[in-house]
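A short worksheet on the structure shown next.
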Number of protein chains: 2
Amino acid sequence: MQGVLYNMPTKDIYIYIISDSAGETASKLAQASVSQYDELNITFVRKTFVSEKKDLLESLESAKEHNAIIIHTLISKEFIQLANDYCKEHNLFSMDLLSPIVNELATRSEIEPNRIAGAVHSLNQEYFSRITAMEFAVKYDDGKDPKGFLDADIVLLGVSRTSKTPLSLFLANKNLKVANLPLIPQATLPKELWEVDPDKIVGLTNNPEVLNKIRQERMRAYGLDPDTAYSNIDKIQEELQYANDLYEKLHCVVINVADLSIEETASIILEALCLEEHSFLG
Amino acid sequence: MQGVLYNMPTKDIYIYIISDSAGETASKLAQASVSQYDELNITFVRKTFVSEKKDLLESLESAKEHNAIIIHTLISKEFIQLANDYCKEHNLFSMDLLSPIVNELATRSEIEPNRIAGAVHSLNQEYFSRITAMEFAVKYDDGKDPKGFLDADIVLLGVSRTSKTPLSLFLANKNLKVANLPLIPQATLPKELWEVDPDKIVGLTNNPEVLNKIRQERMRAYGLDPDTAYSNIDKIQEELQYANDLYEKLHCVVINVADLSIEETASIILEALCLEEHSFLG
């Protein structure tokens with residue numbers, strides 16, 4: 001054994017995701033947990049779409065070699081038993097992510113789970129309507145075709161850099177058809193806007209200083225002078241005033257995205273528009 | 001108490017998501033667990049962005065009223081203790097989703113977690129590059145501008161209805177810049193395609209029968225005759241042949257999406273293009 005090192009770097013920690021499906025739930029948990037640390041050396045290994053017993057065993061053996069933290073989402077009783085027994089026998093840290101809730105639901109409902117791997121991703125109606133919603137968001141992004149406003153579940157309005165596109169896509173992933181329109185004081189508003197139910201419209205706004213900073217960054221990224229009209233603070237204030245006046249006329253919900261992530265803004269929109277049941281999709 | 005009913009409907013089960021952040025991880029787990037049952041009456045309640053002790057207590061009390069299954073993602077030690085104690089005291093079923101992995105990481109690394117709520121969604125560089133990737137996907141969807149091919153991390157090719165758009169957006173959410181191009185035998189291929197590193201290109205294909213069915217559905221959805229040239233099986237086979245010939249010329253990865261969900265196809269793409277570290281994002 002070597003002597004103790006000063007400034008010893010963090011030990012490498014392995015996290016294994018083992019799943020009979022795409023492993024998205026376990027990955028999300030791993031990501032949320034790791035984000036609580038600023039400087040860990042983590043090696044992530046994904047063993048996904050495990051459908052054969054020998055693949056499961058190989059994955060577990062590989063995890064054992066690295067003394068990995070194991071997060072598994074398996075649905076076959078036999079696989080769960082095998083994984084849990086293996087980890088216990090070899091003293092491996094593991095988290096069986098699905099069993100607690102799946103078993104509790106079985107106890108309460110007295111219904112047996114179907115135990116079909118990746119049932120969450122099955123090609124059902126919900127899945128196809130999500131794809132439709134994504135295509136809708138792309139088609140009606142950036143005011144490309146105002147006809148989309150009338151078919152949309154949500155119409156997002158906002159000046160440049162108020163997260164309209166990423167918000168539209170995030171909400172599309174929750175099976176909502178979203179159209180968005182950039183607000184530009186000089187441009188004519190499409191007449192369809194006045195035909196939309198105001199309860200479907202969300203007006204996005206931001207703080208002038210934040211927009212100023214973001215837009216300067218954007219100009220720099222394009223290799224241009226950061227101080228153009230686009231990033232001028234008076235100009236920005238004028239734009240925001242124009243947007244706010246419009247929101248008042250439309251009587252729509254207004255959200256300031258300055259301190260919000262996409263997830264947070266989306267969550268507020270779903271609540272404000274009474275679409276909270278969509279939170280669980282995607 | 002009323003008499004026993006025949007054909008008694010399933011009891012309503014409440015699932016409460018309690019989180020100091022957007023509750024996306026817990027929602028994903030709830031969704032995956034519930035998808036294991038075909039016919040449960042579940043009422044989902046989300047108590048998110050809980051930042052005050054009194055809000056946490058109110059959420060727990062509300063969950064107790066419905067004897068709810070509780071899944072919580074809390075990071076403050078005080079909140080975790082409060083939630084766990086409350087659930088124990090009132091005999092409520094609860095799952096503390098974050099603690100097992102967060103605590104195990106602390107033990108192994110000897111580093112304390114920062115315990116900042118919603119750290120996963122913080123407005124860091126990764127977050128901004130995800131937004132950039134989403135905007136990229138929308139901008140370079142459907143072959144709109146072949147210049148995007150040269151800046152893309154992944155270029156997806158495929159005939160109509162091979163999931164190019166939803167795949168591009170799904171991968172964008174994992175911080176990858178994706179451009180896609182629909183393949184149409186009569187159309188001229190953009191010259192940029194031949195300048196792209198073949199290791200970045202993915203050729204999507206599908207089974208003719210599947211495409212036939214999907215396209216007929218699409219025509220029906222448009223209120224048109226389902227049996228047009230678009231859905232004609234010989235025509236489809238011709239298109240697929242054209243696509244496969246091109247993939248051979250390009251020496252690119254080819255994936256048949258016929259039996260795959262978006263998540264599964266994305267997972268295969270990340271592995272094939274050695275981009276697996278992106279699996280953990282989004």
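Every number in this text was worked out from the coordinates using simple rules, so none of it is lab data. The structure presented is a predicted model; accordingly, all values stated were derived computationally and were not measured. In this analysis, Cβ positions are derived from the backbone assuming ideal geometry, glycine residues included, and neighbour counts consider all displayed protein chains.
Given the pairs B:Lys28/B:Lys174; A:Lys147/A:Lys191; B:Lys28/B:Lys200; A:Lys64/B:Lys77; A:Lys174/A:Lys249; A:Lys191/B:Lys144, which are separated by over 21 angstrom at their Cα positions?
As for pairs spanning more than 21 Å Cα to Cα, those are B:Lys28/B:Lys200; A:Lys64/B:Lys77; A:Lys174/A:Lys249; A:Lys191/B:Lys144.
Taking θ = phi - 60°, what integer Hz values does the Karplus form 6.51 cos²θ - 1.76 cosθ + 1.60 yield along the range B:131-144, in sequence order, with x for Gly and Pro?
5, 4, 5, 5, 5, 4, 4, 5, 5, 10, 6, 6, x, 4
What dipole magnitude, in Debye to the nearest 20, does the range A:124-273 give about its Cα centre under +1 on Lys/Arg Cβ and -1 on Asp/Glu Cβ?
360
What shape does the range A:154-216 have by the C-alpha gyration tensor, where a ≥ b ≥ c are the square roots of the eigenvalues, rounded means a/c under 1.5, and otherwise prolate means a/b greater than b/c and oblate the rest?
Oblate shape, in that a/c is at least 1.5 and b/c is the bigger or equal ratio.
Between the label point of B:Glu192 and that of the same position in each other copy, find the distances and list them shortest first in nm, with every label point placed 7 Å from Cα along the Cα-to-C-beta direction.
The projected label point of B:Glu192 is separated from its counterparts by 2.6 nm.
Just to confirm the numbers: A:Thr43, label point 7 angstrom along the Cα-Cβ line, distances to the other copies in nm, shortest first?
So the label point of A:Thr43 gives 4.9 nm to the other copies.
When N is the residue count of the range B:13-109, what does its C-alpha Rg come to as a fraction of 2.2 N^0.38 Å?
Against the compact-globule rule of thumb, the ratio is 1.07.
Counting pairwise Cα distances across the range B:141-183, what percent come out greater than 11 angstrom?
57
Provide a whole-number value for the mean count of partner chain Cβ atoms within 10 Å of the Cβ atoms in peptide B:197-208.
So the per-residue partner count for this stretch is 0.
Farthest toward the dipole's positive end in the protein assembly as shown, which of B:Ser51, B:Thr188, B:Gly203, given Cβ charges of +1 (Lys, Arg) and -1 (Asp, Glu) about the Cα centre?
Selected residue: B:Thr188.
Treat chain B as a sphere of radius equal to its Kirkwood radius over Cα pairs and apply Stokes-Einstein at 20 °C in a medium of 1.002 mPa s; give the translational diffusion coefficient in µm²/s, rounded to a whole number.
Diffusion coefficient, whole number: 95 µm²/s.
With the dipole of the protein assembly as shown worked out from charges on the C-beta (+1 for Lys and Arg, -1 for Asp and Glu) around the Cα centre, which of A:Leu92, B:Leu260, B:Ile131 lies farthest toward the positive end?
Going by the charge dipole, the pick is B:Ile131.
Shape call for the range A:42-87 from the C-alpha gyration tensor, a ≥ b ≥ c root eigenvalues: rounded (a/c under 1.5), prolate (a/b greater than b/c) or oblate?
Taking the square roots of the gyration eigenvalues as a ≥ b ≥ c, the range A:42-87 is prolate.
Only Lys, Arg, Asp and Glu count, each charged at its Cβ (+1, +1, -1, -1), so figure out the dipole size of the range B:13-109 about its Cα centre, rounded to 20 debye.
180
What does the C-alpha gyration tensor say about the overall shape of the protein assembly as shown? Classify as rounded when a/c is under 1.5, otherwise prolate if a/b is larger than b/c, or oblate.
Here the protein assembly as shown falls in the rounded category.
Other chains near A:18-31: what is the mean number of their Cβ atoms within 10 Å of each residue's Cβ?
6
Work out the length of the dipole vector of chain A about its Cα centre, built from +1 on the beta-carbon of each Lys and Arg and -1 on the beta-carbon of each Asp and Glu, and round it to the nearest 20 debye.
Roughly 460 debye for chain A.
Work out the charge dipole of the protein assembly as shown with +1 on the Cβ of Lys and Arg and -1 on the Cβ of Asp and Glu about the Cα centre, then indicate which of A:Thr25, A:Leu176, B:Ile71 is farthest towards its positive end.
With unit charges placed on the Cβ atoms, the residue in question is A:Leu176.
Looking only at other chains, what is the average number of their beta-carbon atoms within 10 angstrom of each beta-carbon in B:131-143?
The mean count of partner-chain Cβ atoms within 10 Å per residue comes to 4.
7 Å along Cα→Cβ for the label point: how many nanometres lie between B:Asp55 and each equivalent label in the other copies, listed shortest first?
Its label point is 4.2 nm from the equivalent points in the other copies.
For the range A:53-130, just the Cα atoms, rotate onto the principal axes and tell me the three extents in Å, largest first.
42, 29, 20
Using the alpha carbon gyration tensor of the range B:216-282, what are the three equivalent-ellipsoid semi-axes (square root of 5 times each eigenvalue), largest first, in whole Å?
That gives 30, 19, 7 Å for the three semi-axes.
Let me know the Rg and Dmax you get for the range A:149-282 when you use only its Cα atoms, in Å.
Rg and Dmax of the range A:149-282, Cα atoms, are 15.0, 45 Å.
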